[in-house]
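Take a look at the structure set out below.
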Amino acid sequence: MLKLYTLCLFLFLSFYGMAQNPLQPGFTLLENGSFEQAETFFEGYLSDDPKNKTALICYGRAVGLSGEPEKATELFADLLKEYPGDFEIQINYNESFLWDKKFEKAEPLYTELVEAYPENFGAVLGYANTLSNLKKYKEALEWVEKALVIQPGNPSAKTSRKYMRLGYANAYVNAQNYKKGESLLKEIFIDFPEDKDALLNLANLYLITKEVDQAKATYQRLATSSKDSITALNGIALAEHIGENDKQALVVATTAKKKAKTLGDEALMEKTYDRYVQALIWNRKYNLAKTEITTLETKYADKNWLYALKAMHGLYTGSPKKSVANYDAILKNDSASFDGNLGKANALFAADRIVPAYQAAFGTLKVFKDQKDAIGFIDKLNISFTPTIDEHLAYTFDNGKNVAISTNTTATVPLSTKFSTNLSYNYRTTENTITDNKASSHVLSAGFDYKFLPKTTFKAVAGLNKSSFDTEDYTQPVIDVKLLLQPFKLQNLELGYKREIQNFNADLIEREIIMNHLGLNYNLGTNFNLGWYTQAIHTTQSDNNTRNLLFTSLYYNVLRKPALKVGLNYQYLSFAEQLPTIYFSPEKYQAVEVFADLRGDIAKNTQYMMSAATGLQQVEDDPNTVIFRAEAGITHKFSKRFSGNLYGKYSNIASATAAGFEFTEIGLKLKWLITKKPLFYKRIVQ
């Protein structure tokens, strides 16, 4: 955007460059930007010569530019009464509205002025600048070109054009028209080769588009001085982070910090410390980051960037409530802060306060119209609460010659951010190709999810299972209720009861075995990549048998992108009665395995996952046997509202005979968002 002092300096030189010597000291003060001193000078001069028009105009300029634009407007308005139609007074009167940022009022005044003086450079340039401040960049550039026709090569007009192109490019970037934005920024180099503002904006554009190499190259062009080299290093560190090279980001940020200490530029030091602590957090060096923040607080306690660092630390370490408080502190200092507004939205979302998160994002868009990240955040929330239909098709076979085909269709309709309903239909047909036994089951169920507290949700599903075999059938109710909560930071607990009908194969369906599960799932995360998951289930069955299952997994997150997790699993299974001819039911079964899980992106809309585990299992007191299981899948987003997942998995776990038990499944999952937005969206949109 145009810096107004550029126009002020031009007008001063145009109107008063040939003035008499007694006023020259005041002109010099205006030219140098010493507006308060200029005000004092002209005020003193006017005490001796109160009718001097030039002194009155200059006094008005000094008053307006020193922070009292409304007073300046009144002074020029009074002068216009005394000198109606005077061009010099009129153009200063018009400009006083620019100083006061009343651009809408200035526009019609400049429109009249350029109609009366179409060849006057000051009027035409003033009109161009007014249009630019109103973000009418296309028209502004047309008028600044007219000004340059009147005075070719004029420095003030070229400077104005630069800031217009910066503003216009920013508008295109916000509209995600990055090529046009890039083109406008590069045009600035015609007038101002290697201009710093253009380079910084160009580098930022490349960061947004994740053109990391281009961003780094642009920052390197900026590094032409000690100060600019540190700014460049701070930018390169961010580029490395966006390029998913956080270790290098920390190396670069550390170098920048060392250089900044020797330079002694306080503002640059703050930006450099900010980036350095961010890099520590990106690398999960949370304790060191906290120590650095504590040290910085002694000097920068009320700085917004420090509040932002504390908020970022809280989000990464699972303390979103603290992050919300820090973002509130930012907004108290600056209600228009982008970091404060959108940061608070993210923190509220992490704290599971969805409606306030929506409101914070809407508030961000009020201040930053069409801002890409804010729109993306709202889209993410919308996807979470948009009605969906999920379809799951699967083909299963095992070495016991059982073959099954199943389909499950689920419709989910969130009615608010707290309450969601669902309806599901499952069909499964199974056949044993040796015994020729066939059976099928139909399960129709409905349920709801209710979040009565943040991170505390109750889920309930009830329905009917109709199973058929030969010429007989039966119907049984099915129930599934769960309580999901987070008792402490980085911990998830699930308590549940489930009533289901055994339907793995035709023989089991025929026996009408009802299973009642009481279960507990618990996951403990940490800030040092280690995690622990445990599942415990106690099952009572309608055939009077009982089962106890314990599964526990200790895992370590090796990488984040792609996400690589490795770990050690232990499983224990025990049945009260052994019925090996009917189903696998050992008195004691144990398995130990190591596993790895890898997930990442193939392309922008395509992700993959692969997992494998191997180890030893023991049934009763039989010799140990080797187990292996694996799964792989590809997920592709065909559009914003439709995605699919193709997967396959294999397992020989729970071997009951020397020949072993092998299980293979191939499946397809489809997800369709029925509507574009949540049903309740209009109720919460601001």
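Observations, loosely collected:
- Boolean, K299 is in contact (Cβ under 8 Å) with a residue 12 or more places away in the chain, basic (K, R), open to solvent by 20 Å² or more (accessible area, probe 1.4 Å) and part of a helix (DSSP H, G or I): no
For (1) hydrophobic (A, V, I, L, M, F, W, C); (2) more than 19 Å from G525 (Cβ to Cβ), each residue gets a yes or a no:
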{"position": "V558", "(1), (2)": "yes, no"}
{"position": "L573", "(1), (2)": "yes, yes"}
{"position": "Y583", "(1), (2)": "no, yes"}
{"position": "Q590", "(1), (2)": "no, yes"}
{"position": "M609", "(1), (2)": "yes, yes"}
{"position": "Q617", "(1), (2)": "no, yes"}
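- Scanning the range 75-119 for residues that are among the β-branched types (V, I, T) and in contact with a Gly (Cβ under 7 Å, 6 or more places away or on another chain) turns up just one, I91.
- Top-ranked residue of the range 274-324 - restricted to ones that are among the basic types (K, R) and within 19 Å of the chain's Cα centre (by Cα), ranked as farthest from V252 (Cα to Cα): K321
- Test: residue in the range 608-615 that is modelled with pLDDT of 95 or more, hydroxyl-bearing (S, T, Y), open to solvent by less than 50 Å² (accessible area, probe 1.4 Å) and under 29 Å from the mean Cα position of the chain (by Cα): yes
- Subset of the range 213-246 (residues that are at negative phi, open to solvent by 30 Å² or more (accessible area, probe 1.4 Å) and of a type outside the set (S, T, N, Q)): D213, K216, A217, R221, A223, K227, L233, L238, H241, I242, G243
- Counting the residues of the range 246-264 that are outside any helix (DSSP H, G or I) and at pLDDT 95 or above gives 0.
- The requirement of being over 21 Å from N129 (Cα atoms), open to solvent by 60 Å² or more (accessible area, probe 1.4 Å) and in a helix (DSSP H, G or I) is satisfied by N204.
- In the condition set (1) closer than 21 Å to D274 by Cβ; (2) open to solvent by 40 Å² or more (accessible area, probe 1.4 Å), L306 is compliant with all but (2).
- Of all residues in the range 565-605 being open to solvent by 40 Å² or more (accessible area, probe 1.4 Å) and touching an Asp or Glu at 6+ places or on another chain (Cβ under 7 Å), the one that is nearest to W532 (Cα to Cα): K565
- Among residues of the range 233-284, those that are of a type in the set (K, R) and within 19 Å of L207 (Cβ to Cβ), counted: 3
- Taking the criterion of being among the acidic types (D, E) and over 19 Å from Y307 (Cα atoms), the only residue of the range 330-368 that qualifies is D352.
- Residue that is farthest from F661 (Cα to Cα) [pool: residues in the range 548-606 that are in a loop (DSSP other than H, G, I, E, B) and under 41 Å from the mean Cα position of the chain (by Cα)]: K604
- Residue count, the range 372-388 (criterion: in contact with a Lys or Arg (Cβ under 9 Å, 6 or more places away or on another chain), open to solvent by less than 60 Å² (accessible area, probe 1.4 Å) and not polar (S, T, N, Q)): 2
- Applying a threshold of 6 Å to beta carbon distances and a minimum spacing of six or more residues, or different chains, the list of pairs starting in the range 623-637 at a residue that is on the phi < 0 side of the Ramachandran plot and ending at one that is surrounded by 15 or more Cβ atoms within 10 Å (Cβ to Cβ) and of a type in the set (K, R) reads E631/K649.
- Qualifying residue in the range 670-679 (condition: β-branched (V, I, T), surrounded by 16 or more Cβ atoms within 10 Å (Cβ to Cβ), within 43 Å of the chain's Cα centre (by Cα) and in a loop (DSSP other than H, G, I, E, B)): no
- Scanning the range 61-104 for residues that are closer than 17 Å to G126 by Cα and surrounded by fewer than 15 Cβ atoms within 10 Å (Cβ to Cβ) yields K101, E104.
- Every pair of residues 6+ apart whose Cβ atoms lie under 6 Å, when the first sits in the range 544-563 and is touching a residue at least 60 places away in the same chain (Cβ under 8 Å) while the second is surrounded by fewer than 17 Cβ atoms within 10 Å (Cβ to Cβ): K561/E244
- Where a residue in the range 391-406 is free of Cβ contacts under 8 Å to residues at least 60 places away in the same chain and hydrophobic (A, V, I, L, M, F, W, C) and its partner, wherever it lies, is open to solvent by 40 Å² or more (accessible area, probe 1.4 Å) and assigned to a strand (DSSP E or B), with Cβ under 7 Å and at least six apart: V403/F397; V403/E431; I405/Y395; I405/T429
- Top-ranked residue in the range 134-158 [being without any contact (Cβ under 8 Å) to a residue 40 or more places away in the chain and not in a helix (DSSP H, G or I); ranked as surrounded by the most Cβ atoms within 10 Å (Cβ to Cβ)]: K136
- For the range 157-181, a tally of residues being over 23 Å from the mean Cα position of the chain (by Cα) and not hydroxyl-bearing (S, T, Y) returns 9.
- Residues considered: A374, A347. Of these, the only one that is of a type in the set (A, V, I, L, M), closer than 26 Å to Q486 by Cβ, in a helix (DSSP H, G or I) and touching a Ser or Thr at 6+ places or on another chain (Cβ under 9 Å) is A347.
- Hey, T224 among the β-branched types (V, I, T) and part of a loop (DSSP other than H, G, I, E, B) or not: yes
- Scope the range 269-287; condition open to solvent by 80 Å² or more (accessible area, probe 1.4 Å) and either aromatic (F, W, Y) or part of a helix (DSSP H, G or I) (or both); matching residues: K271, N287
The values are calculated or read from the model by the stated rules, or taken from the named source; none is laboratory data. On a predicted model such as this, the values are computed, not experimentally measured, just so you know. Reconstructed Cβ throughout: ideal geometry from the backbone, glycine too, with neighbour counts over all protein chains shown. Accessible surface is based on the protein model in full, side chains and every heavy atom, while ligands, DNA and RNA are left aside. Shrake-Rupley method; radii C 1.70, N 1.55, O 1.52, S 1.80 Å.
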